[in-house]
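In what follows, a structure is listed as structure tokens, so that the remarks can point back to it.
Here, each number is a calculation from the coordinates, and none is a lab measurement. Please read these numbers as outputs of a predicted model, since none were measured by experiment. A quick note on method: Cβ atoms are made from the backbone with ideal geometry, for glycine too, and the neighbour counts reach across all protein chains shown.
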Amino acid sequence: MSEPAAPARALLAAVAGDRFTELPYRPTAAHRADEGDAPIGWPGYGAARALAARRSGEAEAVVCGLGRVGGGEAVLIAFEFGFLGGSIGRAVGERIAGALITARELSLPVVSLIASGGSRVQEGMFALAQLQRIATQLVRLRAVGLPHLAVLAGPVTGGGWATLGAGADVRLALPGVQVGFAGARVRPPGADPAAYTAEAQAAIGQVDELVPPGDLGPAVARWLSLLTTPAAGPAPPPAALRSVAAPGTGWAAVELARDPARPRADAYLRAYFTERVALGCPDPGLRCGFGRHAGRAVAYVAQLGTATTPAGFRAATRLLRLADRLSVPVLTLVDTPGAANGAEAERDGVGSAIAESIMAVAAATIPVTTLVIGEGGSGGAVALTSPGRTWVTPDSYYSVVAPESAAAVVKRGPEQVRVTADQLRLRPADLVELGVARGIVPVG
């Protein structure tokens, strides 16, 4: 069982300290003139609102304003769970929409501190329509390249999760909070409560970071800094981390790339970035996130030498599209024998996942830099490769398909795999000569 949600003012203080100014609330003319605070005449609704206001000290279930987070200003939206469970009615929707409009007008990022049970039943369809109103403003925020970071302070269910929560660019959560579309009172009988937690959402990549309450302020500031300080121009390729003699044959290049002692993506990421934050990714063979290189933000996708799964490609696509919206250049580190190709991967849509990743690279308006650091196998590699801006390390190879698979495709026996590797022209020097790679990076 999760702890009760912190009051809105406590959440605001955790993120912005005393540097918060509340925005004024001005109801729309329709709200004032027509149904006011009881749009469908729900019995006792006015009294329930008045009691919630007295108990919580807030006029509504959300508090919106401007705050100083780390070194920059942001629009903050904080839910008050003590006001009717942080539920979203018309006044809440208007306040949130107004805050998102203010963010666009001032070119500021948005931080939502969410503790909400979803749409307010006592307002009927007027409440549900607020999800569309909020979504419209979130789309407009995305269109101008401003980031939206959500903190799931919990519980976060129903429309609170399905709009501001799951719809945010980055999602942080306090450990143990309840997160899921279905609230505890409307789930199927016998539903496993463990599936409706921040930890469960993190396991499937829907939560990017679990943050202890005491670390919330620094974590939000770190994320906002990396999302709003993009590097200018393409990310330079990292230096190679191992010196090796140039392979004389294709098979020798394959053996170098498959050497267990070869530096892997984590070593390259540590050497390249001074700090990093990671987006959620359910594929353990892939890293996605934002880091600081030479003082500015660069996004990254890095393969760890395993067959990339459909979930991994979807995570990479999310990173690429987010970085493009925020004008942050991207570095991809390619190292995979190929995409996962078993029955489970097919059932999970591996072909479409690869297609979306390839198209995300092709559609990017920001520069994408690729370094092949090990195996560059087939579609699993090309899905994350930037044409025209690809480099290779001395201990890598890049091929239309792995030599063993290539021999099988052209109906050759295992004894001809090494000859096939030579014919594939997959060595680093071959790739440069053919124009596939721009160069072999030197050892740093």
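Given all pairs of different Cα atoms, what value in angstroms does the Kirkwood hydrodynamic radius of the stretch 8-227 take?
Working: mean 1/r = 0.0576 Å⁻¹.
Its Kirkwood hydrodynamic radius stands at 17.4 Å.
Would you mind ranking R90, R140 by Cβ crowding within 10 Å, fewest neighbours first? Mind showing how you got there, number by number?
Working: R90 22, R140 15.
Listing R90, R140 from fewest to most nearby Cβ atoms yields R140, R90.
Computed over the Cα atoms, what is the radius of gyration of the stretch 261-328 divided by 2.2 N^0.38 Å, N being its residue count?
Rg over 2.2 N^0.38 Å, computed on Cα atoms: 1.09.
In whole Å, what is the distance between the alpha-carbon centres of the stretch 141-157 and the stretch 80-103?
Between the Cα centres of the stretch 141-157 and the stretch 80-103 lies a distance of 13 Å.
Which ordering of T332, T306 is given by a fewest-first count of other beta-carbon atoms within 10 Å?
Working: T332 28, T306 18.
Exposure proxy ranking, most exposed first: T306, T332.
From the Cα trace of the stretch 250-440, what convex hull volume per residue do you get, rounded to a whole Å³? If you can, show how the numbers build up before the last one.
Values: hull volume 21.7 nm³, N = 191.
Hull volume over Cα atoms, normalised by residue count, gives 114 Å³.
For the stretch 190-260, state which trypsin sites (Lys or Arg not before Pro) are in a DSSP loop and have at most 16 other beta carbons lying within 10 Å of their beta carbon. Could the numbers behind the result be given before it?
Details: sites: R222, R242, R258; in loops: R242, R258.
Of the trypsin sites (Lys or Arg not before Pro), the ones in loops of the stretch 190-260 whose Cβ has at most 16 other Cβ atoms within 10 Å are R242, R258.
Based on the alpha carbons, how large is the Rg to Rh ratio for the stretch 188-258 when Rh follows Kirkwood? Don't skip to the end; give the middle numbers.
Working: Rg = 22.3 Å, Rh = 17.8 Å.
Rg/Rh: 1.25.
For the stretch 16-130, take every pair of Cα atoms, bin their distances at 5 Å starting from 0, and report each bin as a whole percent.
So the P(r) values, bin by bin, are 2, 12, 21, 24, 19, 12, 7, 3, 1, 0.
Ranking request for peptides 199-205, 160-166, 325-331: highest mean number of other beta-carbon atoms within 10 Å first, then the rest in descending order. Kindly include the intermediate steps, with their values, before the conclusion.
Details: 199-205: 17.0, 160-166: 26.0, 325-331: 22.7.
Top to bottom by mean Cβ count within 10 Å: 160-166, 325-331, 199-205.
Evaluate the Debye formula for the chain with equal point scatterers sitting on the alpha carbons, no solvent, and hand back log10 of I(q)/I(0) at q = 0.08, 0.11, 0.14 Å⁻¹, in q order, two decimals.
-0.52, -0.85, -1.19
Order the peptides 184-197, 278-291 from the highest to the lowest mean number of other Cβ atoms within 10 Å of their residues. Display every interim value, and only then the final one.
Numbers: 184-197: 11.9, 278-291: 20.6.
So the peptides 184-197, 278-291, ranked by packing, come out 278-291, 184-197.
Can you tell me the dipole magnitude for the chain around its Cα centre, using point charges on the Cβ only (Lys, Arg +1; Asp, Glu -1), in Debye to the nearest 20?
Numbers: 40 positive and 37 negative charges, 125 e Å.
I would put it at about 600 debye.
Given the options V254, A363, G413, identify the residue whose Cα lies farthest towards the positive end of the charge dipole of the chain (+1 on Cβ of Lys, Arg; -1 on Cβ of Asp, Glu).
A363
Place a point 7 Å from Cα of A246 in the direction of its Cβ. Which residues in the stretch 416-442 have their backbone N less than 19 Å from it?
Only 422-442 pass the distance filter.
Quick one: Cα centre-to-centre distance for the stretch 185-203 and the stretch 270-314, in angstrom?
If we compute the Cα centre of each part, the gap is 28 Å.
Multiplying the sequence separation of R140 and E275 by 0.36 nm and subtracting their Cα-Cα distance, what value in nm do you get?
Values: separation 135, 0.36 × 135 = 48.60 nm, distance 3.02 nm.
Result: 45.6 nm gained on full extension.
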